[in-house]
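Here's the structure, in structure tokens; my notes come after.
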Amino acid sequence: MNSIYQAKRYRITDVVEQTGDNIMLRIKTRLNPKPGEFVEVSIPGIGEAPISSASYNNKVLDLNIRIVGNVTEAISKLKKGDKIHLRGPYGKGYPIDELKGKNLILIAGGCGLAPLRGIIEYIDQHRLDYREIYLFFGFRSPDDVLFKDEIREWEKVYHMNLSVDEAMGENPFNCPVGFVTGILEKAELPVNNTEVLMCGPHVMMEKSIRILENKGFHDNQIWVSFERHMKCTTGKCGHCMINGMYVCIDGPVFRYDEVKGVDE
Amino acid sequence: MSSSSEKKKPRVAIHSITGCAGCQLVIYFIRDKLLELLGEIDLVAAPMIKGKNEEGPYDICFVEGLVASQRDLENLKKWREQSKFLVAWGTCATHGNVPGIKIFMDEKQVEEAVYKDKSNLTGENTPLKPTPLEAHVRIDYRISGCPPEEIEFLRMMQHFLMDMKPVVYNEPVCVECTQREIKCLLEDGKECLGPMIRGGCDALCPVVNHGCTGCHGPLEDANIPQMLKLLKANGIPKELVKQRLQKYAGAKFEELGADIR
Amino acid sequence: MGRVLKKEDYKKFLQLLKSKAELVAPITTDMTRFEVVEDIDDINLEGGNPFFPIKKYFLPNKETLLKIKNGNTKVIEKKPKKRIIFGARLCDINGIAILDKLFLDHKYPDENYKKKRENTIIIGVNCLTSPSEYCFCGSMDLKKEAYDLLLHEREKDYYIDVHTDYGAMLVKHLPEDRFDYPLPKTEKKLDKKNLWPFFADKYWEKDNDLCVSCQRCTILCPTCFCFDMYDRVNPKTGDGERLRKIDSCHSKDFTEVAGGHVFRDTRLKRYRHRVLHKVQFFEDKFDRSMCTGCGRCIEYCHSKIDFVTTINKFIEH
């Protein structure tokens, strides 16, 4: 018999230390969630946590885990070769087909970069389908920068704008110090035929949207991502519901004009 | 999933300061499941049941009772320093409870009434304002109850042993009471503090037709003005509600807002 | 198509039901509850709508979703008990139809719910008069669905509306009839309207002051289903179970995310969310109200907060 709550077992092929409170697991699986979709990671005995896919690849799945709760804490103790339980993929991700033929602006703050890495990997594989790619990534400090190796690669092929809020010690990326929204404000960006995808702290997204609106972007060009406490991930348990929308099945990616001004 | 062979057993202590010792007894009365649990932990200090007790460091230290004397305070501070996790176990430890009602009276008068000879109330016996643990040291987790439920101890130990941050039940008594389909006492015109008191007791008192008197202490976001109105409609004056809350909330009564004070 | 049960054969019919499976029905002691019937004479249809709706037989307050063994989760193969619910009213039965939309959802059907649903026979009774002054189902467009049989009392007999094959099998010995039974009428009515324009209305605040966050409204609602999932294991072996526990959007911790942030951080937001989920959000998605008008959330509210009156007072500007 089946159960929608039953997870399947997969093998961890690699554990990559990212920062002090982030690790990345590479898991052997063909689940291959679409960019923006997520999987539910299950640790029997501890619980479950929804984690966005950070890759686009039908052999392995990369999950960036920020250690914040019991489940992510338990995940962080797993090692290469260990088994991990996943169910999914779930959610409505980025509308990759609708984005074809357009310029893309990707804005991420902190671990919000994880789901956007998924779409960058997708773009890498379908580069001719898209036009100019602008990346705006902000982190707290140079130590907090995620996907350091990838960022160096992306720098070569895309319009990369990396920033850190503060740099007390070294700044190996030689990037500007300040909020990523400040960089965004100064950037010259094409408005026509452009879509913006953003993921990160609420404050960062709000501020970015205001800047983009000032630049002449319309709300229906902007895609935001919501973070909520998802339990069942199948549109039932009610925990992630915002005014009738289930973040787990109707999101986590929403077009901004559909969720603008949502109060609870 | 902790396999005892590869992992060191956590050093656990169950200590007590001023109180009736009933909260500790809850743990010892668990029996079967406690014996099973004892295989997974190292109960290094439990003065009530053990002759030989070790000083810290402790991984987990349960403390029942409140701080009412200089000795209590010194012990508590020591245990805090020696413990990774300090758990306030029982309403005395979390709120103040019955020993804490002294603060609502003239302290000198209370001392006169209790002690014929006050000459030894010096040194470590010096009385202090009876206050919950959090008034003196940092507390990691709180489980209230007079006494608390054994299931809350077992659940917390499960979480600790699985390296989890314990999750403590935080819903009003009404939840379990309604789920057990108990006829509502408040609706029946009786005195019941259920809506503003933390549950976890599985509606122990309402099940036997006795209103909740509030032994788990008030919830942080209790709607006290409305509760006073509802109880008043049942003929329960504010003064009585106040007394009930003072009895269990002790020093934390002061935090309940202006409506009740 | 239906059948006719003579009043003198009513008890015989109940005996038949009792012989088929575990029979639960309204039984009155200090109040009326759905309980297992030991003696059919205990069944009381006159004791008002039972305190707890029949959802408890499909979504119990606590249940095991998966077994945990040797570090894996396992599906439970056990079949639930065969059960007949007798004496449910249309509000509760419509509640099941609403729960079906979520829990029998074609993409993510919930096995636990589905198995209970398949092993439970629902025999309703139609309300000739409102069992309580708080009933307002008359304004909630109830549907004749989700039951196996439904009894409608007439002067000399009961008309039995037959809705499923199993139901038909139970009454195949009775004479046929055709009758379009009337839906219950209620004095209290919800003036249904688009509530989005009233999202920020001041009137919510008046109700909010009265709310003590006891969660009785959601626990006793025939369609409230929100739940939490957690693991309970023996720390020594790691074996145990993954459970589902009914949760409430009125609980402060309900929208808390890892790290501690709470999205619906005030009592007002939580109260408004419940009401709007019932009568607006669900309707937006499924084109029917999630509220069936049973009135329990008003009747059993400590402060008798009446969202129906509140909504009726909202006037389009």
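The values are calculated or read from the model by the stated rules, or taken from the named source; none is laboratory data. Note that the coordinates shown come from a computational prediction; the quantities given were computed from them, not determined experimentally. Cβ: placed from backbone, ideal geometry, glycine included. Neighbour counts: every protein chain shown. The accessibility values were calculated without ligands, DNA or RNA, using every heavy atom of the protein model including side chains. Shrake-Rupley method; radii C 1.70, N 1.55, O 1.52, S 1.80 Å.
Among residues other than C:Leu210 with Cβ under 11 Å from its Cβ, the summed charge is 0 (Lys and Arg +1, Asp and Glu -1). Counted over the range B:173-249 with a bin width of 10 Å, the fraction of Cα pairs per bin, in whole percents, is 21, 57, 22, 0. If both residues of a DSSP beta bridge must be in the range B:53-197, then about 20% of such bridges are antiparallel. With the helix formula -39500 (n - 2.57) applied to DSSP H stretches of n ≥ 4, the protein assembly as shown reaches a computed 222 nm mean residue ellipticity of -7000 deg cm²/dmol. Kirkwood radius, the range C:158-317, all distinct C-alpha pairs, inverse of mean reciprocal distance: 19.1 Å.
Beta bridges assigned by DSSP with both partners in chain C are antiparallel in approximately 75 percent of cases.
In a DSSP loop and with at most 11 other Cβ atoms within 10 Å, the trypsin sites (Lys or Arg not before Pro) in the range B:5-60 are B:Lys8, B:Arg31, B:Lys52. Counting only heavy atoms of the protein chains and using a 1.4 Å probe, C:Leu16 has close to 50 Å² of accessible surface. Both radii were evaluated on the Cα set of the range B:11-161; the Rg over Rh quotient, with Rh as the Kirkwood radius, amounts to 0.99.
Listed cross-link partners B:Lys33/B:Lys165; B:Lys33/C:Lys55; C:Lys55/C:Lys79; C:Lys144/C:Lys313; A:Lys28/C:Lys236; B:Lys108/B:Lys190 are compared with a 25 Å cut-off, the Cα-Cα value being larger for B:Lys33/C:Lys55; C:Lys144/C:Lys313; A:Lys28/C:Lys236; B:Lys108/B:Lys190.
Sorting B:Leu228, C:Leu17 on solvent-accessible area from highest to lowest, probe radius 1.4 Å, gives B:Leu228, C:Leu17.
List residues of the range C:28-66, by number, whose backbone nitrogen lies under 17 Å from a label position 7 Å along Cα→C-beta of C:Tyr10. Those under the cut-off are C:28, C:39-50. For the range A:33-81, the Cα gyration tensor yields ellipsoid semi-axes of 20, 12, 9 Å (square root of five times each eigenvalue, largest first, whole Å). Give the shape of the range A:84-161 as rounded, prolate or oblate, defined through the alpha-carbon gyration tensor: a ≥ b ≥ c are the square roots of its eigenvalues, a/c under 1.5 means rounded, and otherwise the shape is prolate if a/b is larger than b/c and oblate if not. Because a/c hits 1.5 or more and a/b fails to exceed b/c, the range A:84-161 counts as oblate.
The distance between label points at C:Glu133 and B:Glu181 comes to 2.6 nm (points 7 Å beyond Cα on the Cα→Cβ vector). Ranking C:Asp148, C:Asp9, C:Asp141 from most to least accessible surface, computed with a 1.4 Å probe over the protein chains only, gives C:Asp141, C:Asp9, C:Asp148.
The stretch between A:Asp257 and A:Asp219, if pulled fully straight at 0.36 nm per residue, gains 13.2 nm over its current Cα-Cα span. Label-point separation (nm) for C:Lys62 and B:Glu220, each offset 7 Å from Cα along Cα-to-Cβ? The modelled label-to-label distance comes out at 2.4 nm. In the assembled protein chains, C:Ile315 presents an accessible area of approximately 120 Å² (probe radius 1.4 Å). Globularity index of the protein assembly as shown is 1.05 (Cα radius of gyration / 2.2 N^0.38 Å, N = number of residues).
The label-point distance for C:Lys304 and C:Lys74, in a model that sets each label 7 Å from Cα toward Cβ, rounds to 5.4 nm. At the residue level, B:Glu124 shows approximately 90 square angstrom of accessible surface with a 1.4 angstrom probe and all protein chains present. Between chain A and chain C, the total buried accessible area stands at approximately 3500 Å², from heavy atoms with a 1.4 Å probe. The simple Förster model, with R0 at 35 Å and r as the Cβ-Cβ distance, assigns A:Glu206 and B:Ala258 a FRET efficiency of 0.45.
Treating the Cα atoms of chain A as identical point scatterers in vacuum, please give the log10 of the normalised Debye intensity I(q)/I(0) at q = 0.11, 0.12 Å⁻¹, two decimals. Values, matching the q order: -0.59, -0.71. Length gained on full extension, C:Lys20 to C:Thr266, computed as 0.36 nm times the residue gap minus the Cα-Cα distance: 83.6 nm. Kindly identify the range A:3-90 as rounded, prolate or oblate by the Cα gyration tensor criterion: order the square roots of the eigenvalues as a ≥ b ≥ c, call it rounded if a/c is under 1.5, otherwise compare a/b with b/c, prolate if a/b is larger, else oblate. Rounded, since a/c falls under 1.5.
Nearest-5 percent of antiparallel DSSP beta bridges in chain B? Just about 25 percent of them are antiparallel. Ordered from highest to lowest accessible area with the whole protein assembly present and a 1.4 Å probe, C:Lys12, C:Lys20 read as C:Lys12, C:Lys20. The trypsin sites (Lys or Arg not before Pro) found in the range C:246-301 include none that occupy coil by DSSP while having at most 13 further C-beta atoms within 10 Å. Other residues whose C-beta falls under 12 angstrom from the C-beta of A:Val180 contribute a net charge of +1, scoring Lys and Arg +1 and Asp and Glu -1. Orientation-averaged projection of chain B equals 15.6 nm² [convex hull of Cα atoms, one quarter of hull surface area]. Residue separation of C:Lys192 and C:Asp284 scaled by 0.36 nm, minus their Cα-Cα distance, works out to 31.8 nm of gained length.
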